[in-house]
1. Roughly how tilted is helix 231-247, in degrees to the nearest 10 and between 0 and 90, from the longest Cα axis of the chain?
2. In the stretch 127-219, how does Rg compare with the Kirkwood Rh, expressed as the Rg/Rh ratio over alpha carbon atoms?
3. Testing the spin-label approximation: label points 7 Å from Cα along Cα→Cβ at residue 256 and residue 216. State their distance in nm.
4. Using a Gaussian network for the chain with springs between C-alpha atoms less than 10 Å apart, which of these wobbles most: 219, 118, 66?
5. Report, in degrees rounded to the nearest 10, the 0 to 90 angle that the Cα long axis of helix 65-77 makes with the longest principal axis of the chain.
6. Under the rule a/c < 1.5 gives rounded, and otherwise a/b versus b/c splits prolate from oblate, where does the stretch 64-145 land using the Cα gyration tensor?
7. Ratio of the chain's C-alpha Rg to 2.2 N^0.38 Å, to two decimals?
8. Classify the stretch 33-75: rounded, prolate or oblate, from the alpha-carbon gyration tensor (a ≥ b ≥ c, eigenvalue square roots; a/c under 1.5 rounded; otherwise prolate if a/b is larger than b/c)?
C-alpha cells in the first residue's frame, strides 16, 4: 500500500468513526416520542394497588382512572399501550431507567420531583375536602357552624379543620379511616372531611349516603411524569390532555372512577 493509499484509508476510517459517533450522539438525544411512534408502543407505568386510579380487577387485569388515561393517550397517538404495574416507590426509577416512557400513577408535583423529572398538565383531580349528602349545605368553613364533621385523627383534613372551623362546629375525631367512614355512612356525622378517592369509595359502597363535595381543603392534582428533556413528548401529552378535557373525556373518567364531576376550575 502506498503512503497516499494509507493516508486515504486512515482518513476514511476516521470519517466513518466520526459518523458512527455522531449517530450514537443523535440517537442518545432523540426524543422519546420518535421512538414511541417508531415502535408503535408506549410503555405506561400505572399504580397496581391504589384504587380507583389503578388496581387489579376481578380478572386480575389492571383497571382504573390511570389505566384508562394511558389507553386514551395511546389511542390518540395511534399506538398500543403497554401497561406496566408499579408501586409508589419504583414508579420514578422505572421512568428514569427507560422501563416506562411515561408514568400515570396518581403522581403529585413537588419541588424535589421536579429536579429529576418533568410533569405534564394535570389530568386528574386529587384533593382533600369536606363532603356531605346533597341535602347538606356547606360552601366554606364558616358554613360548618352548628354542624358535625367526622375526620381521622392526625390526617391533614383533621388538622385543617382544627385550625379553620368555627368554634361552634363539632369535629368528631376517629382513630382510622374505616371508623370515620362508618360514622358518616351511619349518619353519626353530618359531613366527612377526607380525600376525594375515599369519597368515591363511599359512593360506590353506600349510594344512599353518597358524599358530594362541599369545598376543597387542599388541592393536589395528578400529573403525568416524563423524563427530562423530552420536549416533543411533553408537548404531545399536554395536547392530548387538553383535547380530552375539551371533549369531555376527562369528565367521563372522573364520573366513572371518582363518582364525581371534575371540580370547578380544573
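1. 40
2. A ratio of 0.91.
3. 2.3
4. Taking springs between Cα atoms under 10 Å, the residue moving most is 219.
5. Value to nearest ten degrees: 40.
6. Prolate is the answer for the stretch 64-145, as a/c is 1.5 or above and a/b outweighs b/c.
7. 1.36
8. prolate
Read-outs throughout are calculated quantities, based only on the coordinates presented, and are distinct from any laboratory measurement. All values derive from a computational prediction rather than experimental measurement. All Cβ positions, glycine included, derive from the backbone under ideal geometry; neighbour counts span all protein chains shown.
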